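> What follows is a single structure, and I will ask about it in a moment.
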């Protein structure tokens, strides 16, 4: 091919051309390339200085190009003929959008792309093939382009010059998405530069990719390997805080926006759980392919993760993993602010609760679902490590959540320390309320059912049983959904499965089967569970309704129902675990078959990366299963498409894989709990003289 590249040897485009056996010449200076270029040559001047330095071009280059009939492609230019070039700018919520028919039919006008960490030079252009703009949408800018757009790829009026105002040739390193779209774009650019050449289909391996193709046969032991890699991710990502960088982690939490900043350095030692752990990866991807990390230290993520580490210790004999699991629970209940202050004061209405994050300090935010999932982790860890040392704080937390739950069995999304101190726990115990939102309620119902099974304390079953019945009776019209209706269905499965464990009858089995069928009617043949938003007016965080709304609040990964997307933060992860519990509770192959399909799917889409070991073995929040790529609307303000949540996502997927290997369930694993021995002591302190309550009758 009569093609010349001016770039460093490690440029992504140059490497891809070599890997695809496309002949080209490479030079390091523009003058050298121009001196040797023959008439009709395509010249590509790539942005070696990106993102810090723009590409210097001089008038001699453009005169020579005209004399030799050259076609030029330039990136991130400092100057252009007859075009004013502004100072480099960075994106915030803008995404790349196709703005012409150049790439059709594969990429239609208004198709959305992602140029991660994009830095560009502002220019004015009459027309562009790609622009940068803040747009809402999944694949397509559904509300069109806003007025404020920035050209990214356009043809200069002189006719022999194609300009990229950013570095498009960083597409592999910076993980531009989706991959199939960038193949088409690069084939078009190469065809523009060399119009008389036949451009072959380009292929390259993304640096961060699914472990297996959609139709690729899984090897023997794939689930075991996926679990082991899922556990290793915690150490490779350095989530466990080490004393040597504890202060730095706290500084980043306090100083970076929303506690999100550059990840732990590769030479930082990995902690052992005694200082807790950070939350996970944010969805922000930089030009070098790295991501920002969330330095929040969260009770829910830690409790959940302790369960997975304990499972790793049992399955592989990893004594260090067992120690980490134990240390994390000690940190939550004994050695940190999470359970101290007012939460350790028997006279306080906050007694027994565990705060959400380390930043809560003496105040506190108490999400029932976060307390519940942390407690589920502690239940499992206690059983796996054969210890009862967290039984008392565990039951204390169960009772603390119970007494701040209303008489109908609903607690609502969260309680604040200020409200608790002002109103007292009896206000919440006696005030009727409903909240048909399984996202916030169902994990606590499951915990209450488990607690009743092990203690016989009737308020647990009465509150949970009544709320479950009321919630099933108003489905779907009165259900509140958070980021989508599918996550509510998925969350509802666990308490329904455990209700069968406590009271096995036809009604409870029918509820479970009905809800599972509602969820699984959207399961794809590949195993993915398609995301779906619910009824208008019932959602807390719906898709953006304007371009301006994009990125301003939490949001679904989809723009509209039908988008081929599964959510591993809110839906798929919890569905996988709950289907396993339903299968073991009922023995019904219906659940086992759906679980099996989902297990294979999750093994296939687990992240594989040699370039970024901090991602290898993880599961990103978003997966587009028709394209088989990590892609979605990235509108969510906190947890976008490429985020990795240590607890919610990673732990429940890995834990379910481990339970499948052990041929057990969380319910059966914890069957020997002796938590009941603390009931009389704690109930006397936490629920004294509750007039007219079932507590009096049970006593």
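Taken together, the values in this text are just the output of simple stated rules run on the coordinates, not laboratory data. All figures in this text were calculated on a predicted structure; none of them were measured in a lab. Cβ atoms come from the backbone with ideal geometry, glycine included; neighbour counts cover every protein chain shown.
> What is the packing order of peptides 184-195, 630-641, taking the mean over residues of other C-beta atoms within 10 Å and listing the highest first?
Numbers: 184-195: 18.9, 630-641: 23.7.
Highest-to-lowest ranking by the protection proxy: 630-641, 184-195.
> Which translational diffusion coefficient, to the nearest whole µm²/s, is obtained for segment 488-613 from the Stokes-Einstein equation, given a Kirkwood hydrodynamic radius over C-alpha pairs, 25 °C and 0.890 mPa s? Show your work: numbers first, answer last.
Values: Rh = 16.0 Å.
Here the translational diffusion coefficient equals 153 µm²/s.
> Now for a different question. Pull out a ≥ b ≥ c, the square roots of the eigenvalues of the alpha-carbon gyration tensor of segment 156-199, then state rounded if a/c is under 1.5, prolate if not and a/b is larger than b/c, and oblate in the remaining case. Intermediate values should be presented prior to the final figure.
Numbers: a/c = 2.86, a/b = 1.43, b/c = 2.00.
Taking the square roots of the gyration eigenvalues as a ≥ b ≥ c, segment 156-199 is oblate.
> Note down the relative contact order for segment 3-206 as a percent, whole number, built from C-alpha pairs under 8 angstrom at least six residues apart.
Working: 410 pairs, mean separation 42.7, N = 204.
Answer for segment 3-206 is 21 percent.
> Where both partners of a DSSP beta bridge lie in the chain, what percent of those bridges are antiparallel, to the nearest 5?
On the way: 37 of 54 bridges.
The antiparallel fraction comes to roughly 70 percent.
> Contact order normalised by length for segment 571-699, with contacts defined as Cα pairs under 8 Å and 6 or more residues apart; what percent is it? Write down the numbers at each step before the final one.
Working: 102 pairs, mean separation 27.7, N = 129.
Reported as a whole number, the value is 22 percent.
> Return 416, 583, 290 ranked ascending by Cβ neighbour count within 10 Å, so the fewest neighbours appear first. Don't skip to the answer; put the middle values down first.
On the way: 416 14, 583 22, 290 19.
In order of increasing Cβ crowding within 10 Å: 416, 290, 583.
> Go from 0 up to the bin containing the longest alpha carbon distance in the chain, width 10 Å each, and give me the % of pairs per bin.
3, 15, 24, 23, 16, 10, 6, 3, 1, 0
> Below 8 Å, C-alpha to C-alpha, sequence gap of six or more: please give me the relative contact order for the chain in percent. Provide the component values of the computation, followed by the final result.
On the way: 1462 pairs, mean separation 91.9, N = 699.
Across the chain, relative contact order equals 13 percent.
> To continue, here is another question. Bins of 5 Å, beginning at zero and ending with the bin holding the largest distance: percent of Cα pairs per bin for segment 535-667, please.
2, 10, 18, 20, 18, 14, 11, 5, 2, 0
> By counting other Cβ atoms within 10 Å of each Cβ, how are 223, 92, 108 ranked from fewest to most?
Working: 223 18, 92 7, 108 12.
Going from sparsest to densest Cβ surroundings: 92, 108, 223.
> Expressed in whole Å with the largest first, what are the equivalent ellipsoid semi-axes of segment 3-206 derived from the C-alpha gyration tensor as the square root of 5 times each eigenvalue?
The answer is 25, 19, 16 Å, longest axis first.
> Using the Cα gyration tensor of segment 269-353, with a ≥ b ≥ c the square roots of its eigenvalues, what is the shape: rounded (a/c below 1.5), prolate (a/b larger than b/c) or oblate (neither)? Provide the component values of the computation, followed by the final result.
Numbers: a/c = 2.80, a/b = 1.32, b/c = 2.13.
Taking the square roots of the gyration eigenvalues as a ≥ b ≥ c, segment 269-353 is oblate.
> Something else: With each run of n ≥ 4 DSSP H residues scored as -39500 (n - 2.57), what mean residue ellipticity at 222 nm is computed for the chain after dividing by its residue count and rounding to the nearest 500 deg cm²/dmol?
Numbers: 22 runs with 268 residues, N = 699.
Estimated from H runs of four or more residues: -12000 deg cm²/dmol.
> Here's a follow-up. Once the Cα gyration tensor of segment 370-413 is diagonalised, what are the square roots of 5 times its eigenvalues, in whole Å and ordered largest first, as equivalent ellipsoid semi-axes?
Details: eigenvalues 112, 22, 8 Å².
For segment 370-413, the semi-axes come out at 24, 11, 6 Å.
> Shifting gears a bit: Rank the residues 330, 300 as a footprinting-exposure proxy: fewest other Cβ atoms within 10 Å of their Cβ go first. Don't jump to the answer; show the numbers that get you there.
Values: 330 16, 300 28.
Listed from fewest to most nearby Cβ atoms, that is 330, 300.
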